[in-house]
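Structure, as structure tokens:
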Amino acid sequence: LLQVAQLYQDKFRNVGEAIKMFQRVLDVDGANEIAVTTLKQIYEARKDWESFVNLGRREIELTDDSQVRMERTLALALLATEKIRKPDVCVVLWEQVRSFDPGNAEALSALAGLYERGRDYPNLAEVLRLQVETVTEPGPRKDILLKLGLLFGDKIPDDGSSIDIWRQIMALDPADRRAPEQIKKRYLALRAWDDIEAFYEETGATRDVIQNHL
């Protein structure tokens, strides 16, 4: 099979038939180095990135070394994100990266963008929560919390989670004007009158202000 594949490629210049034969080689010997290397070169030359990625995934599955699997999966995810731009393909690869390294910053950042574009808000919320846990710089951390707070307010009906997020923003930046307004709004939606009063007392507001808002 390998000899036939090489004949098609080198002598007959029939790349289509060569691909089929090299694929048959891999059906018999999934780790055949000549077939894998040659197919990668052909796919790259033809800019057939989806086939390139599929072959790369197949190669990773046959790798026993977990560190090598992680490195190859990360490289493949980066390539797919740049070349293929098919969200489903990219999501699978980045989630595989997370299976090796759950807090991988590149994976979380890429998945946040992919889930946002795909309007997959529950998974977006999960990824943003993980980013909050891994990001320590106040500025970037606040940016992520803002996205998360607005997500729970506008896309996911969960006033309790929204309040928790906006309280984190207040703790991070007491001068932020949006946080108190959003917290008040969520408490009102929940009709949590005692919590509203406690919140105003906590932030130094008077009972007259509370009555005006009720």
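The values are calculated or read from the model by the stated rules, or taken from the named source; none is laboratory data. In this text the structure is predicted, and so the values were computed from the model without any measurement. Because the Cβ atoms are built from the backbone with ideal geometry, glycine has one as well, and the counts that use them run over all protein chains shown. Surface accessibility is based on the protein's heavy atoms, side chains included, excluding ligands, DNA and RNA. Shrake-Rupley method; radii C 1.70, N 1.55, O 1.52, S 1.80 Å.
Couple of notes before you dig in:
- Just one of the listed residues (Ala110, Ala45, Ala35) is of a type in the set (Gly, Ala, Ser) and open to solvent by less than 10 Å² (accessible area, probe 1.4 Å), namely Ala35.
- For the residues Asp194, Asp208, Asp164, the requirement of being modelled with pLDDT of 90 or more, assigned to a helix (DSSP H, G or I), of a type in the set (Asp, Glu) and farther than 26 Å from Tyr121 by Cα singles out Asp194.
A quick yes/no check of all residues on (1) within 30 Å of Glu59 (Cβ to Cβ); (2) open to solvent by 60 Å² or more (accessible area, probe 1.4 Å); (3) of a type in the set (D, E, K, R); (4) in contact with a helix residue (DSSP H, G or I) (Cβ under 7 Å, 6 or more places away or on another chain):
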position: Val97; (1), (2), (3), (4): yes, no, no, yes
position: Asp120; (1), (2), (3), (4): yes, no, yes, no
position: Lys142; (1), (2), (3), (4): no, no, yes, yes
position: Trp166; (1), (2), (3), (4): no, no, no, yes
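- Residues in the range 168-183 that are aliphatic (A, V, I, L, M) and surrounded by fewer than 16 Cβ atoms within 10 Å (Cβ to Cβ): 3 in all.
- Pairs where the first residue, in the range 180-204, is without any contact (Cβ under 8 Å) to a residue 40 or more places away in the chain and small (Gly, Ala, Ser) and the second is open to solvent by 60 Å² or more (accessible area, probe 1.4 Å) and not in a helix (DSSP H, G or I), C-beta under 6 Å, 6+ apart: none
- Arg24 satisfies every condition listed in (1) modelled with pLDDT of 95 or more; (2) surrounded by fewer than 18 Cβ atoms within 10 Å (Cβ to Cβ); (3) closer than 29 Å to Phe100 by Cβ; (4) touching a Leu at 6+ places or on another chain (Cβ under 7 Å) except (3).
- The listed residue being at pLDDT 95 or above and at positive phi, out of Lys47, Lys142, Lys40: Lys47
- Any chance Gln23 is over 19 Å from Glu95 (Cα atoms), without any contact (Cβ under 8 Å) to a residue 24 or more places away in the chain and not charged (D, E, K, R): yes
- Residues of the range 46-87 that are in contact (Cβ under 8 Å) with a residue 24 or more places away in the chain, within 23 Å of Gly103 (Cβ to Cβ) and not hydrophobic (A, V, I, L, M, F, W, C): Arg57, Ser66, Arg69, Thr73, Thr81, Pro87.
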